[in-house]
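Below is one structure; the comments refer to it alone.
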Amino acid sequence: MIVKIDSMGRLTVPKKFRNEFNLKPESEANMLPLPDGTGVSLFRLVPRCANCGEEKGLEKFENISLCRNCRRVLKYALK
Ligand SMILES: [Zn+2]
């Protein structure tokens, strides 16, 4: 699929790919150069719990993303 970079250096990820890879507004992605230097790859970043790696029930605790269970354990430990 051919896309154009606009005058500000932005490019639009086609809707087909946004849907296929669950890219939503404000999603974070990592753009890395290909080893052969011919282009870049875009990887969606999946938010995970900083402690156990869980993807669901995340909330910030002191600016760190933690799942519900890890927040509960930490709050209990801090009492
Ligand atoms: Zn966790």
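Worth a mention:
- Neighbours by Cβ (under 8 Å, 6+ apart or cross-chain): first from the stretch 9-36, of a type in the set (Phe, Trp, Tyr); second surrounded by fewer than 10 Cβ atoms within 10 Å (Cβ to Cβ): 17/1
- Residue identified as of a type in the set (S, T, N, Q) and loosely packed, with under 10 Cβ neighbours inside 10 Å among 12, 38: 38
- Residue list for the stretch 12-39, restricted to those being in contact with a Lys or Arg (Cβ under 7 Å, 6 or more places away or on another chain) and not in a loop (DSSP other than H, G, I, E, B): 29
No lab work stands behind these numbers, since they all come straight from the coordinates. Predicted, not measured: the structure shown is a model, and the values here were computed from it. Please note: Cβ atoms are built from the backbone with ideal geometry, for glycine as well, and neighbour counts cover all protein chains shown.
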